[in-house]
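The values are calculated or read from the model by the stated rules, or taken from the named source; none is laboratory data. Quick caveat: nothing in here was measured; it's all calculated off a predicted structure. All Cβ positions, glycine included, derive from the backbone under ideal geometry; neighbour counts span all protein chains shown.
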Amino acid sequence: MVIRIIDHVQTHSTYKDGEVIYRLVRDALRAGDVVTLSFAEIKSIPSAFVNAALVKLLEEFKLDYIQSRLKIVDSTRHINRLIKDRFYFAANDDRRAAAG
Amino acid sequence: MNPRPSRTTRILNRLLDRVDIDLPRNLTKETMQSLISQVVDEDGKPKWSRVRLNLTRLEFIDPTGVVVLCNLIDYLRRVDVSVHVKIVKPYSRCVEYLDDFGFFKHYGGDSLRPQASLRKTTVPIERVQSQRIFAYLDNQLMPWIADRVGLAQDSIAAVKTCFEEIFHNIDDHSGVQIGCAFAQFFPSNDHIHVAISDYGVGIPHVVRKQIRGISDDQALVKACEEGFTTKTNVRNRGAGLPTLIRYVTLRNQGNVLLASGRGELAATPEGGRTRIRARTARDGIYPGTLVKVILRTDTFEAMAEDVKPEVFQW
C-alpha cells in the first residue's frame, strides 16, 4: 500500500496533520500490509508531524515490526534523520520507562 | 540611568494613574526586562491605566527590542491601558528605523515621514496567529531569508521547519496562540536575527505543573531536554525546542536564546556539541516567552544539502 502524504493533508507540519497520516498507516499495519510512505514534494517536516504520524505507532507496534513493514520513500536527509532520531529516542525512552 | 521624575510629577502621575517611561538608549534583550518591569507587575498585570513611552532617548533597538516593544504595546492595549508614544523632531536614526518598518503606521495610522519605506535588511513586524503561520513563513519570512542568502526557498526548507517548531511551541504552551515576529539581516557579520515572542503564560509556569518548585532558569533547561513533556505538550513528546536547538546550533552554527519568566537560556555551538547555559534574569521578568534565533548565513549552502533526496534506511 502506497500512502503519498500530500494526497491526504494540505500542510505537513502540525500534530493534527500527522494524525491524519497516522490513522492511514496504523490501519494498514493492523491489516498486516507493507506500507510505503511517500514524502514526495516535501523537503522538511517538524517534530510534531513525525511524532503524530509515525512515532505514535510505537504505542501499538514494536519497533522491529514497524521497521519490517514501513518503507519511507522520496524523502530527504533532513526528514530521514528526524524520523530515525525520534523513533530511536522514543523506543529507548519506552524501554527506560518499562525498566522503571 | 534615567533621570528620576520630579516629586511633583510623581505625585501627579500617581493621582492620574499614569506614568512616563523613558525607553533606554539601547533596547535589546539585556534591557527589555527593566522596561517591562516599569509597566507590568510580577503577575503580568499592568501597573498603570495610562502609559506614555518616551522614545526620545532611544538610539538603538534590535529585533528582540522590536518584538518586546510591540508585544508590550499590544498587551497594554488589550487590557485597556491607554498608550501614547513621545517622539521629537528631528527624528533620531532609531525612530526613522522604526518608521521604515511600519511601526508608526501600524500604531498611529500613518508613517512619520513620506519617504518611509521598508529596508532590505528587515521584514515588517508581524503578529502571527496560529492559523496564519504558513502564510507568514511561505510568503514573507522565508522568501526574505532566501533573498538574503541567495538560495531558492526550497533549499532552506529545513530552516523554515525551525520556525514552525517555535510557532507550534507557542500554540501548545502559551495559551494565546499569537506570536509577534520580526527579523533583521546584519550585513556587518552576515547574521540574520529572528525574534519571535508571545505574552502567554511562559515556559516556567507550564514546567512547574510537572515539577513543582523548579526555578525559572532550570525550567527553561528542562523544557529544552529531549523527551521532557509537560501535560500540555505531551502530544509532541517534548521534541520541539530540542529539535530547534539541535538544528540551529549544530547545522547552522547559530544560537538560540530564550527568555521566559525570570529565566534566560542560551544554546550555542561548542566543539561539535550544543552548550546550554541558563541564568536568572537580572532586571525582572519576561511575561511570556521570547525566542531569538541568530542564523549564520555562511552555512546555508551546506544546510541546503539536508533537503536533497536521500534513500531512507532504518
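Does residue B:156 satisfy the criteria of being aliphatic (A, V, I, L, M) and under 28 Å from residue B:239 (Cα atoms)? So residue B:156 passes the test. With respect to the conditions (1) in contact (Cβ under 8 Å) with a residue 12 or more places away in the chain; (2) more than 30 Å from residue B:138 (Cα to Cα), residue A:27 falls short on a single one, namely (1).
Taking the criterion of being closer than 20 Å to residue B:200 by Cβ and part of a strand (DSSP E or B), the residues of region B:239-277 that qualify are B:256, B:257, B:258, B:259, B:260, B:261, B:263, B:264, B:265.
Of the residues making up region A:39-59, at least one is charged (D, E, K, R), out of contact with any Leu (no Cβ under 8 Å at 6 or more places or on another chain) and at pLDDT below 95.
Annotation: of all residues in region B:38-48 being touching a residue at least 60 places away in the same chain (Cβ under 8 Å) and assigned to a loop (DSSP other than H, G, I, E, B), the one that is farthest from residue B:69 (Cα to Cα) is B:42.
A quick yes/no check of all residues on (1) away from chain A (no Cβ under 14 Å); (2) touching a residue at least 40 places away in the same chain (Cβ under 8 Å); (3) not in a helix (DSSP H, G or I):
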| residue | (1), (2), (3) |
| --- | --- |
| B:136 | no, yes, no |
| B:147 | yes, no, no |
| B:182 | yes, yes, yes |
| B:192 | yes, yes, yes |
| B:200 | yes, yes, yes |
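Consider residue B:95 carefully, then state whether it is buried (at least 17 other Cβ atoms within 10 Å of the Cβ) and in contact with a Lys or Arg (Cβ under 8 Å, 6 or more places away or on another chain). No. Filtering region B:59-73 to residues that are in contact with a strand residue (DSSP E or B) (Cβ under 6 Å, 6 or more places away or on another chain) and not in a helix (DSSP H, G or I) leaves B:60, B:61. Determine whether region B:286-306 contains at least one residue that is touching a strand residue (DSSP E or B) at 6+ places or on another chain (Cβ under 8 Å) and assigned to a loop (DSSP other than H, G, I, E, B). No, region B:286-306 contains no residue that is touching a strand residue (DSSP E or B) at 6+ places or on another chain (Cβ under 8 Å) and assigned to a loop (DSSP other than H, G, I, E, B).
Matching residues to (1) over 16 Å from residue B:198 (Cα atoms); (2) at pLDDT below 95; (3) assigned to a strand (DSSP E or B):
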| position | (1), (2), (3) |
| --- | --- |
| B:36 | no, yes, no |
| B:75 | no, yes, no |
| B:89 | yes, yes, no |
| B:110 | yes, yes, no |
| B:115 | yes, no, no |
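Identify, please: which residue in region B:187-209 is among the hydroxyl-bearing types (Ser, Thr, Tyr) and buried (at least 22 other Cβ atoms within 10 Å of the Cβ) and is, among those, nearest to residue B:257 (Cα to Cα)? Even if it seems obvious, please write down each step before you answer.
If we filter region B:187-209 for residues that are among the hydroxyl-bearing types (Ser, Thr, Tyr), which is where we start, we get B:188, B:197, B:199.
Adding the requirement that they be buried (at least 22 other Cβ atoms within 10 Å of the Cβ) leaves B:197, B:199.
On the way: B:197: 11, B:199: 16 Å.
Among them, the one singled out is B:197.
Look at region A:65-81: where a residue is farther than 22 Å from residue B:243 by Cα and a partner is outside any helix (DSSP H, G or I) and modelled with pLDDT under 95, sitting 6+ places away or on another chain with Cβ atoms under 7 Å, you get A:67/B:314.
This table checks each residue for (1) touching a strand residue (DSSP E or B) at 6+ places or on another chain (Cβ under 6 Å); (2) within 11 Å of chain A (Cβ to nearest Cβ); (3) at negative phi; (4) surrounded by 16 or more Cβ atoms within 10 Å (Cβ to Cβ).
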residue	(1), (2), (3), (4)
B:125	yes, no, yes, yes
B:143	no, no, yes, no
B:151	no, no, yes, yes
B:159	no, yes, yes, yes
B:165	no, yes, yes, yes
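If a residue has to be touching a residue at least 60 places away in the same chain (Cβ under 8 Å), assigned to a loop (DSSP other than H, G, I, E, B) and among the β-branched types (Val, Ile, Thr) to count, how many in region B:117-134 make the cut? Qualifying residue count for the region: 2. Here residue B:267 passes the criteria (1) within 11 Å of chain A (Cβ to nearest Cβ); (2) among the small types (Gly, Ala, Ser); (3) in contact (Cβ under 8 Å) with a residue 40 or more places away in the chain except the one numbered (1).
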